[in-house]
Amino acid sequence: MHYELKTAVFPGSFDPFTVGHDDIVRRALPLFDRIVIGVGVNIGKKYLHSADKRVADIAALYADEPRIEVKAYSDLAVDFAHREGARFIIKGVRSVKDFEYEREQADINRQIGGIDTLLLYADPKYASVSSSMVRELMHFGRDASEFLPKAADK
């Protein structure tokens, strides 16, 4: 019997990577042999942190988990998934608005690339946490640490 490594990608800008993102990764891990967290880079978008810093910070969270890799990409998530040998894209859903957007993306990714999308609903305690909310708190000098994962906590 031929064993096929089950790989998924978890794409996003992750600026910053939140406790909600971490929860999705950890809940998806039992389903796959390998998860590649794809840090999206769009030259037309302004980021709080560089792609290299985002990759390094996320990789540090999973330093003890060899099944998780973190890489930057600057093209379509479906093309990134193909390069990584992934058959699945993982996405988190916090609301109906997220669901509709992710459903449309999933339909297109399946149509143009044959890649299926696995939607995981956010844990209710993280449903209000978003990278943009965390960036706004940080911009106004508020402590956002409770919304950011810590490697030591895992």
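The table for this structure:
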quantity: Accessible area of the range 1-40 belonging to carbon and sulfur atoms, whole % at 1.4 Å probe; calculated: 60 percent
quantity: Relative contact order computed over the range 60-154 (Cα-Cα under 8 Å; 6+ residues apart), in percent; calculated: 28 percent
quantity: Volume per residue that the Cα convex hull of the range 1-86 spans, once the total is divided by residue count, Å³; calculated: 92 Å³
quantity: Most fluctuating residue given options 68, 43, 115, as computed from a GNM of the chain linking Cα atoms under 10 Å; calculated: 43
quantity: Partner aspartates and glutamates for residue 53 [C-alpha distance under 13 Å; skip if fewer than 8 residues away on the same chain]; calculated: 15
quantity: Lysines with Cα under 25 Å of residue 125, excluding same-chain neighbours fewer than 8 positions away; calculated: 91, 97, 150, 154
quantity: Carbon/sulfur fraction of accessible area - the range 61-148, other protein chains in place, 1.4 Å, %; calculated: 50 percent
quantity: Distance in nm between pseudo-label sites at residue 140 and residue 104 (7 Å out along the Cβ direction from Cα); calculated: 2.9 nm
quantity: Length-normalised contact order of the range 1-133 in % [C-alpha pairs under 8 Å, at least 6 apart]; calculated: 31 percent
quantity: Karplus (6.51, -1.76, 1.60) ³J(HN,Hα), θ = phi - 60°, over the range 95-108, in Hz, Gly and Pro reported as x; calculated: 8, 4, 4, 4, 4, 4, 4, 5, 5, 4, 4, 4, 4, 5
quantity: Rounded, prolate or oblate (a/c below 1.5 giving rounded, otherwise prolate when a/b exceeds b/c) for the range 6-147 by Cα gyration tensor; calculated: rounded
quantity: Solvent exposure of the range 1-74 as accessible area per residue, Å², 1.4 Å probe; calculated: 52 Å²
quantity: Gyration tensor verdict on the range 57-113 (Cα atoms; rounded if a/c is under 1.5, prolate if a/b is larger than b/c, oblate otherwise); calculated: oblate
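The values are calculated or read from the model by the stated rules, or taken from the named source; none is laboratory data. Given the structure is predicted, the values throughout are model-derived calculations rather than measurements. Note that we place each Cβ from the backbone using ideal geometry, even for glycine, and neighbour counts take in every protein chain shown. Ligands, DNA and RNA are stripped out before the accessible areas are found, and what is left, the full protein with its side chains, is counted by its heavy atoms. Shrake-Rupley method; radii C 1.70, N 1.55, O 1.52, S 1.80 Å.
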